[in-house]
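**Student:** Dumping the structure here so I can ask a few things about it.
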Amino acid sequence: VQLQASGGGLVQAGESLRLTCVASRINFGASVMEWYRRAPGEVREWVATIGKGGGTMYTDFAEGRFTISRDNAKNTVYLEMNSLKPKDTAVYYCKTIQSGEGYWGQGTLVTVSS
């Protein structure tokens, strides 16, 4: 299983970013995909989940600002982040669970300046 995340960068508060995670060596269309993040000095926390059928769930801070989506033809999951805030600064990770085992991408750094 390989997960390659990208799209992070430095933005100003209020701006947007779209993160991308490309998966390989999995049956992507049958996989639940998730985004997590870890802010400096904090534990990793769940951000959003998208199911096989496209159903989505969000944590409170992401609801209304972030959108998770998937393109099964490209084995890719996205996280569109709008109205970014300095407290959104974190390394963002994509994750999937395969046969009961969790697999993580390498993370992509998002820095939001005030």
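**Student:** Report the per residue volume, in Å³, of the convex hull enclosing the C-alpha atoms of the chain.
**Tutor:** Per-residue hull volume (Cα only) is 92 Å³.
**Student:** In whole Å and largest first, what semi-axes does the C-alpha gyration tensor of the stretch 17-65 yield when each eigenvalue is scaled by 5 and square-rooted?
**Tutor:** Over the Cα atoms of the stretch 17-65, the ellipsoid semi-axes are 21, 14, 10 Å.
**Student:** Along its three principal axes, how long is the stretch 1-43 when you only count alpha carbons? Whole Å, largest extent first please.
**Tutor:** Between the extreme Cα coordinates on each principal axis of the stretch 1-43 lie 37, 23, 14 Å.
**Student:** Can you work out the FRET efficiency for the pair Gln12 and Tyr103, with r the C-beta to C-beta distance and R0 = 30 Å, to the nearest 0.05?
**Tutor:** That pair, Gln12 with Tyr103, gives E of 0.35.
**Student:** For Lys52, list long-range residues whose amide hydrogen, built 1.01 Å from N in the peptide plane, is under 5 Å from its own amide hydrogen.
**Tutor:** Amide H neighbours of Lys52, under 5 Å, 5+ apart: none.
Since every read-out is calculated from the coordinates, none of them should be taken as a lab result. Please read these numbers as outputs of a predicted model, since none were measured by experiment. As a convention, Cβ positions derive from the backbone with ideal geometry for all residues, glycine included, and neighbour counts pool all protein chains shown.
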